[in-house]
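K.L.:
My questions all concern the structure below.
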Amino acid sequence: MNDYSLAEFLIRIAPPLGRGALVSIQIALVAAVGAMVIGFITGLARLSPHWYVRLPFVVYVELFRSTSSLVQIFYFFYVLPLVGIKLDAFLTGTLVLSLNFGAYVSEVVRSAVQSVSPGQWQAGIALNMERGQIFRRIIFPQAVPVMLPALGNYALELLKATSLVSLITITELTFAGSQLVQFYGRPTTIYLAVFVIYLIMAMPLVALNNHLEKRAGGIWQGKVRNK
């Protein structure tokens, strides 16, 4: 099994690694959508003037930010069934990554909204706008450019974090690579291929994030000039 030339070996391992990469992308996309929804709801809830609204979301954020995502995956997949809650591997992986990164996204949302000048609220009030209208038309559009670079960074981190679901035997890219090592040996070649595939998957996100950072920087410079 180990007598293949390098080219032959790469051709042989390409299909399983490709399938693993597709699974990684699927997990990342589903978890990214979940993290965005959870993060925006949580971030806005934490801005509530009512402590009883903020409290459960504060507990959630601190719980998921203060514990290892690997331990969270282990707990959801192996411990929850002991109390009658059984989730399949894919759902467990995407749910935990959504909750984990949603906690970080919520802080991005909260800090971005808080970065908007209080004078913008006062201007909306002066125009007889309701609180919801002020937020949708004035505050949120100004907060979004502030969020984008950080959200881009978290998207990149989320893609890499998909490797953690190998703990629950989801055949994503890292797990596919480890299976090939067990079957063929040649770990250096296989993990170098895994490394290159992760790099290829990450490049569009890196380019997008660099673009968002430039756009956000331009917006901030425009605000400074307007002041």
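The values are calculated or read from the model by the stated rules, or taken from the named source; none is laboratory data. The structure presented is a predicted model; accordingly, all values stated were derived computationally and were not measured. Positions of Cβ are backbone-derived with ideal geometry, glycine not excepted, and every protein chain shown enters the neighbour counts. Just so you know, the surface numbers come from the protein's heavy atoms only, side chains and all, with ligands and any DNA or RNA stripped out. Shrake-Rupley method; radii C 1.70, N 1.55, O 1.52, S 1.80 Å.
K.L.:
Using only Cα atoms, find the angle between the long axis of helix 140-161 and the longest principal axis of the chain, and express it within 0 to 90 degrees, rounded to the nearest 10.
P.N.:
Helix 140-161 sits at roughly 20 degrees to that axis.
K.L.:
Roughly how tilted is helix 187-226, in degrees to the nearest 10 and between 0 and 90, from the longest Cα axis of the chain?
P.N.:
That helix lies at roughly 10 degrees to the long axis.
K.L.:
What does the charge count near ILE38 come to, summing +1 for each Lys or Arg and -1 for each Asp or Glu among other residues with Cβ under 15 Å from its Cβ?
P.N.:
Neighbourhood net charge equals +1.
K.L.:
Mind telling me which of ALA202, ALA161, ALA123 comes out most flexible in a GNM of the chain, alpha-carbon contacts under 10 Å?
P.N.:
Judging by the Gaussian network model, the answer is ALA123.
K.L.:
Quick one: grab Rg to one decimal and Dmax as a whole number for the chain, Cα atoms only, in Å.
P.N.:
Both quantities, over Cα of the chain: 21.8, 78 Å.
K.L.:
Next up: What's the angle, to the nearest 10 degrees (0 to 90), between helix 173-184's Cα axis and the longest principal axis of the chain?
P.N.:
10 degrees
K.L.:
Report the extension gain between GLU130 and ARG54 in nm, rounded to one decimal, defined as 0.36 nm multiplied by the number of residues separating them, less their alpha carbon distance.
P.N.:
Result for the pair: 25.2 nm of gain on full extension.
K.L.:
Quick one: accessible area per residue over region 22-164, 1.4 Å probe, rounded to a whole number of Å²? Show your work: numbers first, answer last.
P.N.:
Values: 7530 Å² over 143 residues.
Per-residue value: 53 Å².
K.L.:
Highest GNM mean-square fluctuation, the chain, Cα pairs closer than 10 Å: which of TYR191, TYR52, TYR75?
P.N.:
In this elastic network of the chain, the residue with the biggest mean-square fluctuation among TYR191, TYR52, TYR75 is TYR52.
K.L.:
Now for a separate question. Can you pull out the GluC sites (Glu not before Pro) in region 94-159 whose DSSP state is coil and whose Cβ has at most 14 other Cβ atoms within 10 Å?
P.N.:
Loop-located and lightly packed - GLU130.
K.L.:
Could I ask something else about it? When all C-alpha to C-alpha distances in region 25-116 are sorted into bins of 5 Å, what percent of pairs does each bin hold, rounded to whole numbers?
P.N.:
All Cα pairs, binned at 5 Å, distribute as 3, 15, 21, 21, 19, 12, 6, 2, 1, 0 percent.
K.L.:
Using a 7 Å offset from the Cα along the Cα-to-Cβ direction at both PHE195 and ALA123, what is the distance between the two label points in nm, to one decimal?
P.N.:
5.1 nm
K.L.:
Most fluctuating residue of GLN114, GLN122, GLN26 in a GNM of the chain with Cα springs under 10 Å: which is it?
P.N.:
Maximum among the listed residues: GLN122.
K.L.:
In whole percent, and with a 1.4 Å probe on the protein chains, what portion of the accessible area of region 102-142 is carbon and sulfur?
P.N.:
Exposed carbon and sulfur together represent 52 percent of the surface.
K.L.:
How high is the relative contact order of the chain, in percent, with contacts defined as C-alpha pairs under 8 Å that are six or more residues apart? Mind showing how you got there, number by number?
P.N.:
On the way: 229 pairs, mean separation 65.4, N = 227.
The value is 29 percent.
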